[in-house]
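Taking it in order: structure first as structure tokens, then the write-up.
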Amino acid sequence: MELLAVFPPLLGFLIAALFGKQIGDKGAQFVTCAGMIIAALAACSLFFTVILASHPYTTVLSEWITSGDFTVSWALRIDQLSVVMMCVVNIVSACVHVYSVGYMSHDDHKARFMAYLSLFTFAMLMLVTSDNLLQLFFGWEGVGVCSYLLIGFWNHKHSANAAAVKAFVVNRIGDFGLALGTMAAFVVFGSVEFDVMFEQASAVAENTIEFFGFELHALTLVCLLLFMGAMGKSAQLGLHTWLPDAMEGPTPVSALIHAATMVTAGVFLVARMSPVFEYAPDALMVVAVVGASTAFVAATIGMTQFDIKRVIAYSTMSQLGYMFFALGVSAYSAAIFHLMTHAFFKALLFLGAGSVIHAMSDEQDMRKMGGIYKKIPVTYALMWIGSLALAGIPPFAGYFSKDIVLEAAWADHTWFGNYAYWMGIAAALMTAFYSWRLIIMTFHGQPRAHQKVMKHVHESPGVMLVPLFVLATGAVLAGFVFYGGFVGGGHHGAESGHAEVAQEHHEEEGAHRTTFVVTKEGVHAEEDMNSAPEGPVSVNKIWNKEGFWGKSLFVKDENDTVDAAHGAPFWVKKLPLLVGLIGIGFAYLAYMFFTGVPAVIVKMFRPVHTLLFNKWFFDELYDRLFVKPAFKIGNVFWVKGDQNTIDRLGPDGIAHKTLRAAGILSRFQSGYVYQYALVMMIAVIGILSWFVFRSGNGL
């Protein structure tokens with residue numbers, strides 16, 4: 001089954017890429033979409049086999065690298081963490097593939113686009129099913145190459161080409177850290193296999209390693225280098241500048257790469273390496289601080305942008321910050337839970353934005369929209385669902401996952417945990433504000449688009465709307481259904497603060513009695529203590545933290561913030577919801593009822609607005625510190641080093657001397673016999689003279 005979950009996208013890519021002209025655009029679309037749907041169904045089947053039946057396993061496909069005693073196999077690690085990621089990747093990718101059939105209907109290169117999507121999905125599946133760091137690096141670089149191809153897909157646009165190059169270069173910086181981290185892990189553990197590293201983590205917890213002349217804690221160094229790679233791929237503060245520019249790619253690319261898959265690779269990496277990170281507390285502190293800072297900074301920028309896709313892009317960056325500070329406080333299950341719910345509602349928002357752009361004749365500036373909610377009511381309703389989930393309003397998915405992330409940060413009871421909690425609260429306020437700013441500016445008010453554009457505003461076709469309904473289902477139900485499995489553990493009733501019993505149903509079979517309880521933790525069963533032990537297995541034994549995740553995530557007992565989060569005070573649990581409602585209220589006041597307020601606020605706080613609107617000047621700062629000096633150094637090496645030194649003394653210099661010598665010798669080729677005779681006489685005299693002088697010296 002794991003082969004069906006991983007390899008159909010590769011097969012779809014090969015057929016669409018190699019035989020696209022023969023099968024045509026429709027054939028390529030059918031093959032790639034069918035491959036993704038098969039992979040999604042297989043991943044869901046694995047969910048029941050691996051997680052509900054608690055049966056993780058590893059499938060070795062072949063030996064990959066053998067060098068002396070060093071051997072690396074190509075294997076598929078099918079455990080709870082990888083299956084959750086496979087379900088997320090395949091389901092969202094299948095929706096994006098089907099959506100692209102309608103969205104890219106007017107493009108001239110549909111087969112190539114669908115092939116790139118499938119190749120990207122296969123690379124991502126290689127990443128999440130890897131059994132060692134080298135295989136993970138293969139998938140890591142694969143998604144990087146595919147993101148370059150997809151972001152720059154419309155290569156007739158200079159902005160798309162520049163964005164693709166920027167994404168590629170910035171990610172290479174992070175990837176350099178990942179490569180060094182892989183090498184450092186091999187030095188520390190003597191292997192790059194996950195099982196070997198995880199088994200040795202506690203034994204080498206106190207080891208040190210020399211790095212650039214400094215004696216450093218070995219596991220901290222390994223983790224920080226790996227986190228550097230995660231920062232690049234997941235657009236964390238410092239290596240984030242590529243993400244908003246990547247919106248130059250087609251909207252399905254934004255949904256697939258920048259909402260649910262590639263940008264979550266860093267979160268997956270840290271979660272996968274949790275047995276190592278747990279013994280590197282300083283590295284976890286860095287992860288938490290960077291994640292919290294990212295969540296706050298991205299939210300401040302998102303409030304000031306007008307491009308509908310860029311607003312959602314900065315929202316993605318902010319939510320990734322939530323996931324990372326959850327990882328930093330050892331709440332790995334909470335981070336993956338938010339990753340899963342976020343994938344549904346953020347992909348929904350991106351594809352919904354694509355539906356708006358499709359309706360508005362490719363317009364993306366929210367200042368040129370407005371007054372269209374009656375013309376595209378289905379898209380409008382679906383955007384509401386995605387925004388409610390993003391803002392953390394119950395009973396939508398974001399409410400469950402964002403809350404547990406914030407509660408875990410508070411429950412860590414460290415300075416960086418508190419920092420993360422309050423930065424997360426501030427980001428939650430701003431997230432709700434800019435989400436409804438987007439809704440109101442896009443759909444409400446007076447139409448601001450040209451009359452020609454407004455006449456052509458229409459609802460998207462069914463092939464684009466059906467995937468949105470699938471994602472909307474996840475945005476509504478994923479939090480409620482999976483809360484107990486992902487983060488609920490054995491906490492029920494008043495202990496968790498989230499047990500709102502909705503229904504009880506009793507079934508009796510002789511002496512055996514099972515009570516099914518529907519709570520925020522999900523559906524679980526409580527067995528009667530007086531019933532026979534050989535009765536049916538309780539669902540509650542599956543819907544708990546240990547049974548759900550198995551050994552795929554590791555948390556020290558003293559670091560179990562998810563467990564501690566269920567005992568957080570009432571105000572800690574409800575503050576995110578309160579600030580979310582306040583943010584929505586502010587957005588309505590500013591953009592629906594008192595529309596002159598935003599301009600007044602901008603005028604009052606002009607320097608702050610300038611800072612935020614210009615994205616904290618990160619691009620300008622990097623341009624001055626790195627890009628321009630790099631170009632100057634490059635010009636020096638190019639002109640003075642390459643042209644004036646290497647070429648002048650090397651190939652160009654030798655060629656010039658050869659030409660001069662040839663010019664001199666060519667003068668003797670005049671065609672006159674007497675000149676040839678003179679040259680011959682001179683040569684004979686010269687040779688005889690050499691022999692005479694040589695003989696004289698010998699005497």
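The values are calculated or read from the model by the stated rules, or taken from the named source; none is laboratory data. All values reported here derive from a predicted model rather than from experimental measurement. Using ideal geometry, Cβ is built from the backbone for each residue, glycine included, and neighbour counts are taken over all protein chains shown. Keep in mind that these areas ignore ligands, DNA and RNA; they rest on the heavy atoms of the full protein, side chains included. Shrake-Rupley method; radii C 1.70, N 1.55, O 1.52, S 1.80 Å.
General remarks:
- Gain on full stretching of the segment that runs from ALA599 to ALA630 - 0.36 nm per residue minus C-alpha separation: 7.2 nm
- Magnitude of the charge dipole, the chain, Cβ model with Lys/Arg +1 and Asp/Glu -1, debye to 20: 3980 debye
- For region 111-210, the extents of the C-alpha atoms along the principal axes are 55, 27, 14 Å, listed from largest to smallest.
- Taking the Kirkwood radius as Rh and the Cα radius of gyration as Rg, region 643-699 has a ratio of Rg/Rh equal to 1.26.
- Carbon/sulfur fraction of accessible area - the chain, other protein chains in place, 1.4 Å, %: 67 percent
- Where MET592, MET340, MET681 fall by accessible area, highest first, once all protein chains stay in place (1.4 Å): MET681, MET592, MET340
- Close amide H contacts of THR208 (hydrogens built in the peptide plane, cut-off under 5 Å, sequence separation of 5 or more or a different chain): ALA218.
- Taking amide H as placed 1.01 Å from N in the peptide plane, the amide H of GLY371 sits under 5 Å from that of PHE443, HIS444, GLY445, each at least 5 places away or on another chain.
- The residues of region 575-699 present an accessible area of 81 Å² per residue when probed at 1.4 Å with all protein chains retained.
- Note that region 359-366 has calculated 3J(HN,Hα) couplings of 6, 8, 6, 6, 7, 10, 7, 5 Hz, one per residue in order, obtained from phi through the Karplus relation 6.51 cos²θ - 1.76 cosθ + 1.60 (θ = phi - 60°); glycine and proline are x.
- FRET efficiency estimate (nearest 0.05) - Cβ-Cβ, VAL145 to PHE637, R0 30 angstrom: 0.65
- Highest average first, the peptides 134-147, 374-387, 456-469 ordered by how many other beta carbon atoms sit within 10 Å of their residues are 134-147, 374-387, 456-469.
- Peptides 358-364, 319-325, 597-603, 407-413 ranked from most to least packed, by the mean per-residue count of other Cβ atoms within 10 Å: 319-325, 407-413, 358-364, 597-603.
- Only helices enter this figure: runs of n ≥ 4 DSSP H residues, each worth -39500 (n - 2.57), summed and divided by the residues of the chain, yield -20500 deg cm²/dmol at 222 nm to the nearest 500.
- Where (i) 82, 32, 21; (ii) 40, 29, 28; (iii) 55, 34, 26 are the candidate values, the label of the one calculated here for semi-axes √(5λ) of the Cα gyration tensor in Å is (iii).
- By the rule of a C-alpha distance below 22 Å, with chain neighbours fewer than 8 residues away ignored, the lysines paired with LYS556 are LYS541, LYS545.
- The 3J(HN,Hα) values that the Karplus relation (6.51, -1.76, 1.60; θ = phi - 60°) gives for region 413-422 are, in residue order, 6, 10, 4, 6, x, 5, 4, 5, 4, 6 Hz. Gly and Pro appear as x.
- Between VAL222, TYR103, THR264, the Cα set farthest toward the positive side of the dipole of the chain (charges on each charged residue's Cβ, about the Cα centre) is that of TYR103.
- Relative to the longest principal axis of the Cα atoms of the chain, helix 377-391 runs at roughly 90 degrees.
- Relative to the current alpha-carbon distance between VAL187 and GLN446, full extension at 0.36 nm per residue lengthens the span by 86.9 nm.
- Net charge dipole, region 589-681: roughly 220 debye, given to the nearest 20, about the Cα centre with Cβ charges of +1 for Lys and Arg and -1 for Asp and Glu.
- Per residue, in Å², the accessible surface of region 356-417 once ligands and nucleic acids are set aside, probe 1.4 Å: 32 Å²
- Annotation: amide H of ILE78 within the under-5 Å range of TYR57, THR58, THR59, sequence separation 5 or more or interchain, hydrogens built in the peptide plane.
- Angle in degrees between helix 308-328 and the longest Cα principal axis of the chain, rounded to the nearest 10: 80 degrees
- Packing, as the average of other Cβ atoms within 10 Å across residues, places the peptides 16-26, 274-284, 183-193, 218-228 in the order 218-228, 274-284, 183-193, 16-26, highest first.
- The phi-based Karplus calculation (6.51 cos²θ - 1.76 cosθ + 1.60; θ = phi - 60°) puts the 3J(HN,Hα) values of region 643-660 at 6, 7, 10, 5, 5, 5, 8, x, x, 5, x, 4, 4, 5, 5, 4, 5, 5 Hz, whole numbers, x for Gly and Pro.
- Cα shape, region 12-107, gyration tensor, a/c 1.5 rule: oblate
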